[in-house]
Amino acid sequence: MASTETVLHLTGIRKSFGDSEVLRGIDLEVAAHEVVALIGASGSGKSTLLRTVNLLERIDDGVIRLRGEDISDPRVNADRVRARIGAVFQHYNLFPHLSVLDNVTLAARLVHRMPRADAEQRGRDLLASIGLADFAGAYPDRLSGGQQQRVAIVRAIMTGPELLLLDEVTSALDPELVGEVLALVRSLADGGTTILMATHEMAFARDVADRVVFLDGGRIAEQGPAHEVFTTPREARTREFLARML
Ligand code: ADP
Ligand code: MG
């Protein structure tokens, strides 16, 4: 893999909370246009890993490179890095006191200095593309959880981030709302968005991810092409995990 094709490159990432080491030396690369799924039991470190990439957690050791730039250097401006990365989490992604359109356009306008008219045009186009054009002026509480997560995803891609981080974006949703969110993620993946996502949706990971990374106790226990990890896992721990999940 040529280095220019590598969007995210993690080497030797370690992170402790108090006495508990949550990430124990993570090496991981995500190539341009690749979709990588992080799987693993609750507490295995998936969210912490995603949060370190977004500089929401400071790492204790290791290096995080975004397109070759060491973003784990403490002198780096975290806001400037986050402006290059889209992120959507499990809960509470939208500002309740802002309209859907303002939610979608706020960062584009304030952080990326996109003129309001351009931001609103793009925001409306994106909302239309997910069937929510009529909700542009509504407040988030008028939307279902699935609609809110789709708006959050659209907001995250407003300015064409170099990397999209998704942390269990469907796990707080009622089952009937999961499909519409996964369909949007799938369409972004098909469109070439580079995605690193934690998910407990195993069928989705198998279908959409190019590569699956199994975290166990803060270490990568196994990784490989999705079809291989799911059909012929090499490690006993992976087999046990999948047997519980599938
Ligand atoms: P996952 O997303 O795979 O469920 P997490 O990354 O959320 O795992 O958590 C990994 C471990 O780190 C868990 O034991 C969790 O309790 C702990 N942890 C996560 N965030 C914090 C924090 N801010 N302070 C203390 N412990 C934390
Ligand atoms: Mg988590």
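The values are calculated or read from the model by the stated rules, or taken from the named source; none is laboratory data. Computed from a predicted model, the values in this text were never measured in an experiment. Cβ sites come from the backbone with ideal geometry, for glycine too, and all protein chains shown count toward neighbours.
Taking the criterion of being assigned to a helix (DSSP H, G or I) and within 13 Å of the chain's Cα centre (by Cα), would at least one residue in the range 35-43 satisfy it?
no
Which members of the range 23-44 meet the condition of being in contact (Cβ under 8 Å) with a residue 60 or more places away in the chain, within 11 Å of ligand 1 (Cβ to nearest atom) and over 20 Å from residue 71 (Cα atoms)?
Matches in the range 23-44: 38, 39, 40, 41, 44.
Between 80, 14, which is of a type outside the set (Phe, Trp, Tyr) and modelled with pLDDT of 95 or more?
Matching residue, one of 80, 14: 14.
Among the residues of the range 157-166, is there at least one that is within 16 Å of ligand 2 (Cβ to nearest atom), at pLDDT 95 or above and under 21 Å from residue 87 (Cβ atoms)?
The answer is yes, given that some residue of the range 157-166 is within 16 Å of ligand 2 (Cβ to nearest atom), at pLDDT 95 or above and under 21 Å from residue 87 (Cβ atoms).
Residue 218 - would you say it is at positive phi and within 15 Å of the chain's Cα centre (by Cα)?
So residue 218 does not fit the description; no.
For the range 76-98, enumerate the residues that are surrounded by fewer than 15 Cβ atoms within 10 Å (Cβ to Cβ) and within 16 Å of ligand 1 (Cβ to nearest atom).
Those that are surrounded by fewer than 15 Cβ atoms within 10 Å (Cβ to Cβ) and within 16 Å of ligand 1 (Cβ to nearest atom): 91, 92.
Identify the residue in the range 44-68 that is in a loop (DSSP other than H, G, I, E, B) and more than 16 Å from ligand 2 (Cβ to nearest atom) and, among all such residues, is nearest to residue 201 (Cα to Cα).
55
Tell me which residues, restricted to the range 69-106, are among the charged types (D, E, K, R) and either within 16 Å of ligand 2 (Cβ to nearest atom) or under 21 Å from residue 11 (Cα atoms) (or both).
69, 70, 73, 75, 82, 84, listed by residue number.
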